[in-house]
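Asks: Here you go, one structure.
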Amino acid sequence: MKTLIIVESPTKAKTIERFLGKSYVVKPCMGHIRDLPKSTMGVDIENDFAPHYITIRGKGDIIKVLRDEVKKVDRVLLGSDPDREGEAIAWHLQQYLGINDEKCRISFNEITDSAIKAAVQKPTAIDIDKVEAQQARRILDRLVGYKISPLLWKKVKKGLSAGRVQSVAVRLICDREDEIKAFVSEEYWTMYAHLQAQKGELVARLAKIGDKKAELRSREDVDRVIADLKGEQYRVDSLAVKGKSKNPPPPFTTSMMQQEASRRLGMMAKKTMQTAQQLYEGIAVGGNVTGLISYMRTDSVRINDEAIARVREYIGGKYGPAFVPQKPHQYVSRKGSVQDAHEAIRPTSVERTPAMLKPFLTTQQYKLYKLIWERFVASQMAPALYDVTTVEVSAGKYLFRASGQIVRFAGYTQVYSEGKEESGAAANSANGDDLSVVASVEQGQILPFNSLEPKQHFTTPPPRYSEAMLIKTLEELGIGRPSTYAPTIDTILSRYYVVREDKQLYPTELGMLVVDLMKDYFKDIIDVEFTASMEEQLDMVEDGELAWDKVISDFYGPFAKTLEVAEQEIEKIVIAPEQSDEVCEKCGKPMVYRMGRYGKFLACSGFPECRNTKAIVNTLNIKCLACGGNIVQRKSRTGRVFYGCDHYPECTYISWELPIEEKCPVCGTQLSVRPTRGGEKMTICPNRECPSKANEVKKPKGRPAKKKSE
């Protein structure tokens, strides 16, 4: 019997075909073959929100190949990804290709020989609840996007879009920026006593004044404490050693993987998912292509019993019996169940260590695989055990405290220390003291006084979101799902609602304007709790607890009324263009500020007769050493800030970093400064060909646009 298996990608098809015999043909469909039309709403609001699906433009040749193959075989199996989107792809294929066999769906969590052969032996019916959950999401997003976006076009600019998840993500970033702008820093002080112990100097921090927590708000408070402590003896009141255990973290969900890849590897969410997809679909290892990780879109932390048994055996053989916990660790997913359908992200074979696979992987594939492998192995290892020593020293009514910890048993941290990555396994102590100093004092001992060290601090505002922080926040708030985090961030960046600078996400003027309009007229759409509740309802549809059309109708009734009011109110808004001091050099009329894809730009007020536009440049008080012109700040086509000469195109000096009026001693290029993680600045040469040490820091790929056009 000849069998056709249809999967999404050519790589996946090639990997699966290798596992099966000649009686199987595996072909890719390249994702969805049908979708709602782009040119119209595609949803019949008057007919119970029935969707109108059409074949996607450009898929004709693929569909023809699939139709021809269907005619040649006895059976068709649909092996798309095991999530809502995958289920919807399978359903559309079944409907469009006329597949009559009800049990035509195969699902697998990893692309390995055993998993694929087991799946083809047990085909099931398509899960219509999953299909309807995907359909409900698609229709909700279409209603929101196609109804609100035209209003934004009228009052802001053409080409803008609104979406349920993306609008909330932009709002979070804008709200954080408002918090930062409104933040007022407050002064506070910490006080350290430097005392002489048997094995060196003990540094203890002021913890209490009387029975209250020590709070020093000014220099006057500090001086008062210093005066009170004159002549006081510093006595060791207590010396406590307590055992502490630290359990391993769970294996990766999609969100956790994206956060750790961003934090540890500097990978953007989109790149992380692309790399994970490659590891899932299959890599050639020693001539054989096989999937290296399980399915990478999941919010589950569950691991199947067979994989747990294998990793426990591996841990015992590699690290010894003490590193294997008596019982396997069980982790609870976000929904509170350990028996959900999907698994966490894990290697398909724990025996394939990162070191073994390194010759076959790209640098990014290796780094991400190593991250996944170590996290999985660590998740089933014994806890790390520490001895924590705490010393309390009294001086009059003042109590000082010093503490430190030492590793008694490395436990799960051993897997990281082998990879030369710090994970808390090294001995350390608070305040930077050597732990032996903390442990060398005795209760009741009077410690000789060396000095008091006050330190001034100022409170800082909340940090701007990084990709990792935004994903974590969206997940905690219940907004979006594993498959939506990376596309959401990619969308808000590509729409220029947000820009990424030094790994931080900043709202643009355009993003702030859109969010303000949404807050005024579509409060529910941009409301965090409302959006989260919609996600919960979609989950209920997938679980068969709620009808998809009821979710849509319950949403659309109030939304239609809001839309009607918003259309009337927005029509009344007149946004007059902001006047500038510049005059159009082509027709002599005043130039005005208008909103473009990359923010504001200058345009002639005589439009449409005169279509002259100019980028807004910020002239800095820095001379161009190449020609004597002025350095100006511009933005690239991606919204990134760069610097150039105002004599362009005659002078082509360009730098990503802020220039200074000094030349490179090796190549003569004007030097720039770059902020470091420590908040300081380092001098670099923007000439990538320069062999000087000033050019050792890796430069961004590509070059900024020489001239920005709106």
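The values are calculated or read from the model by the stated rules, or taken from the named source; none is laboratory data. Predicted model, so just to flag it, every value in this text is computed and none were measured. Glycine gets a Cβ as well: all are built from the backbone with ideal geometry, and neighbour counts include every protein chain shown. The protein model used for the area step is the full one, side chains on, heavy atoms only, and it has no ligands, DNA or RNA in it. Shrake-Rupley method; radii C 1.70, N 1.55, O 1.52, S 1.80 Å.
Asks: Quick check: anything in the range 516-531 part of a helix (DSSP H, G or I) and farther than 30 Å from Val156 by Cα?
Replies: Within the range 516-531, not a single residue is part of a helix (DSSP H, G or I) and farther than 30 Å from Val156 by Cα.
Asks: Let me ask something additional. Regarding Tyr412, is this residue within 30 Å of Gly316 (Cβ to Cβ), aromatic (Phe, Trp, Tyr) and outside any strand (DSSP E or B)?
Replies: yes
Asks: Let me ask something additional. Name every residue in the range 611-622 that is in a loop (DSSP other than H, G, I, E, B) and either farther than 21 Å from Lys154 by Cα or of a type in the set (S, T, N, Q) (or both), in order of residue number.
Replies: Within the range 611-622, Asn612, Ala615, Ile616, Val617 qualify.
Here's the yes/no breakdown for (1) touching a strand residue (DSSP E or B) at 6+ places or on another chain (Cβ under 8 Å); (2) open to solvent by less than 20 Å² (accessible area, probe 1.4 Å); (3) under 18 Å from Arg164 (Cβ atoms):
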site: Ser494; (1), (2), (3): no, no, yes
site: Val498; (1), (2), (3): yes, yes, yes
site: Val528; (1), (2), (3): no, no, yes
site: Ala532; (1), (2), (3): no, yes, yes
site: Leu538; (1), (2), (3): no, yes, yes
site: Gly544; (1), (2), (3): no, no, no
site: Lys550; (1), (2), (3): no, no, yes
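Asks: Same structure, new question: Please tell me if Glu177 is farther than 27 Å from Lys550 by Cβ, part of a helix (DSSP H, G or I), in contact (Cβ under 8 Å) with a residue 24 or more places away in the chain and charged (D, E, K, R).
Replies: Here the answer is yes, as Glu177 does meet what is asked.
Asks: Looking only at the range 1-46, count how many residues are out of contact with any strand residue (DSSP E or B) (no Cβ under 9 Å at 6 or more places or on another chain) and over 21 Å from Val65 (Cβ atoms).
Replies: Residues that pass the stated criteria total 7.
Asks: For residues that are open to solvent by less than 30 Å² (accessible area, probe 1.4 Å) and not hydrophobic (A, V, I, L, M, F, W, C), scanning just the range 30-64, find the one that is nearest to Arg142 (Cα to Cα).
Replies: Among them, the one singled out is Gly42.
Asks: For the range 581-607, which residues satisfy the criterion of being out of contact with any Lys or Arg (no Cβ under 8 Å at 6 or more places or on another chain), open to solvent by 20 Å² or more (accessible area, probe 1.4 Å), modelled with pLDDT of 85 or more and over 19 Å from Lys155 (Cβ atoms)?
Replies: Selection gives Glu585, Lys586, Cys587, Gly588, Lys589, Pro590.
Asks: For residues in the range 349-366 being in a helix (DSSP H, G or I) and of a type in the set (S, T, N, Q), which is surrounded by the most Cβ atoms within 10 Å (Cβ to Cβ)?
Replies: Gln365
Asks: Out of everything in the range 457-472 that is hydrophobic (A, V, I, L, M, F, W, C) and assigned to a helix (DSSP H, G or I), what residue ends up being most open to solvent (accessible area, probe 1.4 Å)?
Replies: Taking the candidates together, the pick is Met469.
Asks: Which of the residues spanning the range 367-409 are open to solvent by 40 Å² or more (accessible area, probe 1.4 Å) and either touching a Phe, Trp or Tyr at 6+ places or on another chain (Cβ under 9 Å) or in a loop (DSSP other than H, G, I, E, B) (or both)?
Replies: Leu385, Glu392, Gly396, Lys397, Ile406, Val407, Arg408, Phe409
Asks: Which one is nearest to the chain's Cα centre (by Cα) among residues in the range 1-27 that are part of a loop (DSSP other than H, G, I, E, B) and surrounded by fewer than 16 Cβ atoms within 10 Å (Cβ to Cβ)?
Replies: My answer is Gly21.
Asks: Which one of these does Glu306 not meet: (1) open to solvent by 20 Å² or more (accessible area, probe 1.4 Å); (2) in contact (Cβ under 8 Å) with a residue 40 or more places away in the chain; (3) closer than 25 Å to Phe108 by Cβ?
Replies: (2)
Asks: Within the range 75-96, does at least one residue satisfy the condition of being farther than 28 Å from Ala115 by Cβ and either part of a helix (DSSP H, G or I) or within 34 Å of the chain's Cα centre (by Cα) (or both)?
Replies: No, there is no match, as no residue in the range 75-96 is farther than 28 Å from Ala115 by Cβ and either part of a helix (DSSP H, G or I) or within 34 Å of the chain's Cα centre (by Cα) (or both).
For (1) in contact with a Cys (Cβ under 8 Å, 6 or more places away or on another chain); (2) open to solvent by 10 Å² or more (accessible area, probe 1.4 Å); (3) under 17 Å from Pro487 (Cα atoms); (4) modelled with pLDDT under 90, each residue gets a yes or a no:
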{"site": "Ile148", "(1), (2), (3), (4)": "no, no, no, no"}
{"site": "Val156", "(1), (2), (3), (4)": "no, yes, no, yes"}
{"site": "Ser161", "(1), (2), (3), (4)": "no, yes, yes, yes"}
{"site": "Asp175", "(1), (2), (3), (4)": "no, yes, no, no"}
{"site": "Glu187", "(1), (2), (3), (4)": "no, yes, no, no"}
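Asks: Restricting the first residue to the range 209-232 and requiring it to be surrounded by 14 or more Cβ atoms within 10 Å (Cβ to Cβ) and part of a loop (DSSP other than H, G, I, E, B), which pairs with a second residue that is charged (D, E, K, R) and modelled with pLDDT of 95 or more meet a Cβ separation below 6 Å and a spacing of at least six or different chains?
Replies: Pairs found: Ala214/Lys208.
Asks: Among the listed residues His92, His52, identify the single one that is in contact with a Gly (Cβ under 6 Å, 6 or more places away or on another chain), at pLDDT 95 or above and under 30 Å from Ser553 (Cα atoms).
Replies: Just one listed residue meets the conditions, His52.
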